[in-house]
Amino acid sequence: MSDAPPAVPRRAWQALVVLLAGMFIALLDTTIVNVALPSIRTSIDASEATLSWIISGYALAFGLALVPAGRIGDRIGHKWVFFTGIAVFTAASVACGLSQNDLQLVISRVVQGLAGGAFVPAVTAYIQLLFPFRARGRAFAVMGAVIGVSTALGPIIGGLIIQAFGAEEGWRLVFGVNLPIGVVTLVAAAVLLPGRRETDAVAASQRAASPGGAEVDATPAAQSAGVDWIGLVLVSAGLIALLVPLIQGEDEGWPLWTFLTIGAGVLLLAAFGVWEVAYSKRGRLPLVPPRLFRHPSFTGGVVLALVYFAAFTSIFFTISLLWQAGLGHTALESGLVSIPFAIGSIAGSALSNRLAQRLGRTVLVIGTAAVTLGLTAVWLLLLMVPAGELTSWHLLVPLLVAGFGNGLFIAPNVQFIVATVDARDAGAASGVISAIQRIGSAIGIAVIGSVFFGTLVVQGGSAEALTTGFTASSAAAMGVSVAFSVVAFLLVFALPRRTAARGGH
């Protein structure tokens, strides 16, 4: 048999371009808003809790929508789930830009997150359906590059827009940038994305042509059984019950209801676990298959995904607020601070696949170690450099190192966590991990925001007092990010040494 990669139809690559345009704006919006937070704060007099909700609400809604959206796409076809998601995402982006108060903005942002989580699963689903097994690596590599570039460009694009149009209108146009991309993607999706009949025919021909037919589609056939709506309601209510007091508690002085709500959240998540076990025993496909957690390494990997994303997605929330509200720099200058991290991430991502094949799990060890080292250096700089003297040059090397480690980790981490479960559960495990990553981002921002604003003390109205207060609170928040990254580093050792371990259970 020839080792040459199989031919990929031109239609498959055209569809991938459309799908990745959607993924680009969904992931761009996870980072582009960070540099706009100080402008939003002053423009609509947004509360401190609102700033956290803008990031956390999007991430949580995104994560909760991923698994059910994938299941719905399996049942009715991914084309129109993708199309509907892009349409709602684009409309919600416009609504964000037109918001006149905190409530309007947070609601629009949550809807935007739900829509993003609805259409993103179609990207991986179409890659599985349209690309021959041995050609999928190239498609996933392109997808990984888009993920890296979109998240890296977010703060820079946001800073450029605010610099060009001013703080009052610039933050609105940060959301408006999704409008032209969304409209073009909608038209292209209607024309270029194949419908269910066509994808079913392609998948059938691939199975017939593949000597290892089971490899063509590892997604369990039971996915056609529908969506576990009760499980979705329980886990959503439980996570919201945990997140609301974490975000609102500091703003309101931690009244009794915050502790009662946290307790209710824990009980709801426990009820979710009980329900999933019972639902599974009835022969149905639960939202999170309990059998995944029979593998201790998978449980460790899920916690790893949670704490890692809590650590790294929150650092530019902290730096953006410090750079603009505390040190008085522009949004563009705030965005430029992230360039070393972006460069490091792109370089790390480019090397990660080859290093993962050669070094196995060690690539994740090196990645999390580099992130921990870089964030620790940033934390020490915030503690040691006198307030007001901190410049982007101080952060250049630490953020470059952290970014490189992030690139090494982000691309291969899912395959190593999925390798802890049986091959037949790979599809379900991948969906759970993707959702957990977004939930980790939401929890990280909620915790970091609470620490940041909870420790923010400005004694007097002088610029020096403002700088001192914001620098001290940024150091406290960065210390929490460091703690998350240390835990992530330790949890990497729960994963298998090689991804070939999958199926060996």
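Under the Kirkwood approximation applied to all pairs of distinct alpha-carbon atoms, what is the hydrodynamic radius of the stretch 223-338 in Å? Spell out each step's value before the answer.
Values: mean 1/r = 0.0578 Å⁻¹.
After inverting the mean inverse Cα-Cα distance, the result is 17.3 Å.
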Taking the Cα centre as origin and putting +1 on Lys and Arg beta-carbons and -1 on Asp and Glu beta-carbons, what dipole magnitude results for the stretch 248-303, to the nearest 20 debye?
700
Can you give the log10 of the normalised intensity I(q)/I(0) at q = 0.10, 0.15, 0.18 Å⁻¹, computed with Debye over equal Cα scatterers of the stretch 323-403?
-0.30, -0.60, -0.78
Here the stretch 446-460 yields Karplus 3J(HN,Hα) values (6.51, -1.76, 1.60; θ = phi - 60°; whole Hz; Gly and Pro given as x) of 4, 5, 4, x, 5, 5, 4, 6, x, 9, 6, 10, 10, 8, x
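In terms of the ratio Rg/(2.2 N^0.38 Å) built on C-alpha atoms, what value belongs to the chain? Mind dumping the intermediate values first?
Values: Rg = 22.2 Å, N = 505, 2.2 N^0.38 = 23.4 Å.
Compared with the compact-globule rule of thumb, the chain sits at 0.95.
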Kirkwood hydrodynamic radius of the stretch 310-461, Cα pairs, Å
16.9
Toward the positive end of the charge dipole of the chain, about the Cα centre and with charges on Cβ (Lys, Arg +1; Asp, Glu -1), which of F175, S52, P412 goes farthest?
P412
Residue among G460, G113, V8 farthest towards the positive dipole end of the chain, charges placed on Cβ:
V8
Taking every eigenvalue of the Cα gyration tensor of the stretch 37-90, multiplying by 5 and rooting it, what semi-axes result, largest first, whole Å?
32, 13, 5
Ignoring ligands, DNA and RNA, what percent of the accessible area of the chain is carbon or sulfur (1.4 Å)?
68
Which residue, I439, G374, S473, has the largest displacement toward the positive end of the dipole of the stretch 356-483 when charges sit on each Cβ (Lys, Arg +1; Asp, Glu -1)?
I439
Would you mind counting up the charge near V235? Only other residues with Cβ under 15 Å from its Cβ, with Lys and Arg at +1 and Asp and Glu at -1.
0
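Suppose every K and R has +1 on its Cβ and every D and E has -1 on its Cβ; what is the size of the dipole of the chain about the Cα centre, in Debye to the nearest 20? Working shown, then result.
Working: 27 positive and 22 negative charges, 443 e Å.
Dipole about the Cα centre, nearest 20: 2120 debye.
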How large is the helix-only mean residue ellipticity at 222 nm for the chain, computed as the sum of -39500 (n - 2.57) over DSSP H runs with n ≥ 4, divided by its residue count, in deg cm²/dmol to the nearest 500?
-26500 deg cm²/dmol
Principal axes first, then extents: for the Cα atoms of the stretch 318-359, list largest minus smallest coordinate on each axis, whole Å, largest first.
46, 15, 8
For the pair V187 and V458, how long in nm is the line joining their label points, each one 7 Å along Cα→Cβ?
4.6
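Averaged per residue, what accessible surface does the stretch 1-136 expose to a 1.4 Å probe, in Å²? Each step should come with its number before you reach the end.
Values: 4610 Å² over 136 residues.
Ligands and nucleic acids excluded, the figure is 34 Å² per residue.
What number does the stretch 19-175 give for Rg over Rh if you use C-alpha atoms and the Kirkwood radius?
On the way: Rg = 16.3 Å, Rh = 16.1 Å.
Computed over Cα atoms, the ratio is 1.01.
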What are the ³J(HN,Hα) couplings of the stretch 252-258, residue after residue, when phi is run through the Karplus curve with 6.51, -1.76, 1.60 and θ = phi - 60°? Round to Hz, x for glycine and proline.
9, x, 6, x, 4, 4, 5
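Suppose every Lys and Arg Cβ carries +1 and every Asp and Glu Cβ carries -1, with no other charges. What dipole size does the stretch 352-505 come out with about its Cα centre, to the nearest 20 debye?
Dipole size: approximately 760 debye.
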Accessible area expressed per residue, the stretch 221-357, with surrounding protein chains retained (probe 1.4 Å, Å²)
42
For the stretch 389-505, Kirkwood radius (reciprocal of mean inverse C-alpha pair distance, Å)
17.2
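Quick one: accessible area per residue over the stretch 395-450, 1.4 Å probe, rounded to a whole number of Å²? Provide the component values of the computation, followed by the final result.
Values: 1250 Å² over 56 residues.
I get 22 Å² per residue for this part.
Just need the Rg to Rh number for the stretch 78-146, please, alpha carbons only, Kirkwood Rh. Numbers along the way, then the final one.
Numbers: Rg = 15.5 Å, Rh = 13.4 Å.
Using only Cα positions, Rg/Rh for the stretch 78-146 is 1.15.
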Angle in degrees between helix 10-31 and the longest Cα principal axis of the chain, rounded to the nearest 10:
30
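The values are calculated or read from the model by the stated rules, or taken from the named source; none is laboratory data. If you're wondering where the values come from, they're calculated on a predicted model, not measured in any experiment. Note: ideal-geometry Cβ built from the backbone for every residue, glycine included; neighbour counts use all protein chains shown. SASA here: full protein model, heavy atoms, side chains in, ligands and nucleic acids out. Shrake-Rupley method; radii C 1.70, N 1.55, O 1.52, S 1.80 Å.
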